[in-house]
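Chemist: Take a look at the following structure, please.
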Amino acid sequence: MMTPVWVPLAYLVAAVLFILSLKGLSSPKTARLGTLSGAVGALLATAVLFFSGIKLNNLTIIIVAVIVGSVIGLIAARQVKMTAMPQLVALFNGAGGGAAALVAVVEYLEYGSGAELLFLIATVFTVLIGGVSFSGSIVTYLKLQELMTTRPVVLPAGRIITILVAVLTVASAVALIVSPSTLLLVALLVLSLIFGALFVLPVGGADVPIVISLLNAFTGLSVAASGYVLSNVLLIVAGTLVGASGTLLTSLMAKAMGRPLTSTLFGAFSGTTQGGGGTGEERPVRAAGPGDVAIMLGYANKVILVPGYGLAVAQAQSTLRELADLLTARGIEVDYAIHPVAGRMPGHMNVLLAEASVPYEQLKEMEEINPDFSATDVVLVVGANDVVNPAARSDTTAPIYGMPILDVDNAQQVVFLKRSMRPGFAGIENELLYDPKTTLLFGDAKDSLTKVVTSLKGM
Amino acid sequence: MDGVALLTIFVLSIFVGFEVVSKVSTILHTPLMSGANAIHGIVLIGGITVTGASTSLVQTIIGVIAILLGAINLVGGFVVTDRMLGMFKSKKTAKGEEVL
């Protein structure tokens, strides 16, 4: 039957709401309104579909599946700790990519043989990109959740395997377009999944956020292609919007982190990704007790706090804030230095510190605070490592080489609160830990901070 | 709709997509990515469409999985984005309290 005219009109409204959503999310003032606008658009589009007069054979199962999926998404999003949020976004992204690929598979099973060329191309594209996004996102999740190593995984002959899989994937894609068969479709899906995993495996710690953003754009394109398969305008618009904005966002992120996008993208092919140092040799470091650290901080004129992921894991944001308040009360100038990728994603640390009600004006961005370090008495690094590692400036072989860092080594003294000598997420040794002006206080960030605060109160 | 019309929409959407996020601040990179991530969850309607038109059990099973994944992406994506932004809002309140 003909689709009533108000259906495409409702889709148009939804598409506009999606555009306003992205627009809103680009500015702090309108960000929440942007989210709401997107959600309303999605709700409208989904509701309209049920009354649009399309064939709905399995209505009960469909409604149950929608509800079950929504509840799973809702619970996951509500329960997740803010520290684990990046990997949840990766999982959601994988779900979207998987859904797009499966939609194309079902549609192919219905109309595949004897379909026109454009339909076949769009189907192949959806399955390929959706599959890559799905498995790539799962591997990203495993890395961020530390269920597997966070270091770049370089398989023996990984480069050859990757190229081989890439060639086979493209070959099966072309073959499927030329002579459609279900067997080829399954082969394409499996190869895409393998390729997605191979694509992400060699990516090192610092590049993972960029990869999430990139896979997000991939899923967008895959959804757009599935819209082509289904002749659904809204899917084309929504998917393309995400694909385009995601691509731009990926390059903005890469720029903010000083990472050449090409090395992230083609790491799997070039085989040049470094495994990182980690020689493991025993070298002398200067360890101190909480009392010593309290004295160093308490008699400084200017202190800069560098919060990292370790702070967030230990849930020590409020304790750090207490310390900052105590120091401020003693007339000491205190600032927080926020690296663009402190935490696990751009802006992640801002979210975490905002959660602990740290005053916004004390949060200083990297470019703003870097000149201040040379005039700083003590820098307190809490659970951060890679973002203050001078290897990013000097060691051309380091996986983080070229990433802009906080110049804490310019300060008079540096104090690291660390759990152990274990290297950071990127898995590389930090020379600064062995510098004579560096003091280490080992232990859980929250424990250590609490002890420092107690000592400081007694001074 | 014919292929060329769909292609037109596709190309124009690329430009809109680039344009809307061109002035985003670093702080909002993560929420923006998460919001965009939620929007592609609209593939849910694709899942519903193919499952509704399904003529075999295999299609229905695959379609239902697609619906589940799409709904997770869509609902979870928007909720987690809102939670992230809620953190920023609580910051403003905290600032307000300090002024008082």
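Where a number appears in this text, it was derived from the coordinates with a stated rule and is not lab data. Predicted model only: the values in this text are computed from it and were never measured. Positions of Cβ are generated from backbone atoms using ideal geometry, with glycine treated the same way; all protein chains shown enter the neighbour counts.
Chemist: Rounding to the nearest 20 debye, state how big the charge dipole of region A:14-125 is about its Cα centre with +1 on each Lys and Arg Cβ and -1 on each Asp and Glu Cβ.
Modeler: Here region A:14-125 has a charge dipole of around 640 debye.
Chemist: If you line up the long axis of helix B:77-99 against the longest principal axis of chain B, both from Cα atoms, how many degrees apart are they, to the nearest 10?
Modeler: Helix B:77-99 sits roughly 10 degrees off the main axis of chain B.
Chemist: Can you tell me the FRET efficiency between A:SER179 and A:ARG78 if r is taken as the Cβ-Cβ distance and R0 is 41 Å, rounded to the nearest 0.05?
Modeler: After rounding, the FRET efficiency stands at 0.30.
Chemist: Expressed as an acute angle from 0 to 90° and rounded to the nearest 10, what is the orientation of the C-alpha long axis of helix A:85-111 relative to the principal long axis of chain A?
Modeler: The two axes meet at around 10 degrees.
Chemist: Next question. Mind listing the Cα extents of chain A along all three principal axes, in Å, largest one first?
Modeler: 81, 49, 34
Chemist: Calculate how steeply helix A:59-79 sits against the longest principal axis of the alpha-carbon atoms of chain A, using the helix alpha-carbon long axis, and give the answer as 0 to 90 degrees to the nearest 10.
Modeler: Orientation of helix A:59-79: about 10 degrees from the principal axis.
Chemist: Which net charge results when you count Lys and Arg as +1 and Asp and Glu as -1 among the other residues whose beta-carbon is under 15 Å from that of A:VAL313?
Modeler: With Lys, Arg at +1 and Asp, Glu at -1, the net is +1.
Chemist: Defining a contact as two alpha carbons under 8 Å apart and six or more residues distant in sequence, what relative contact order in percent does region A:76-160 show?
Modeler: 39
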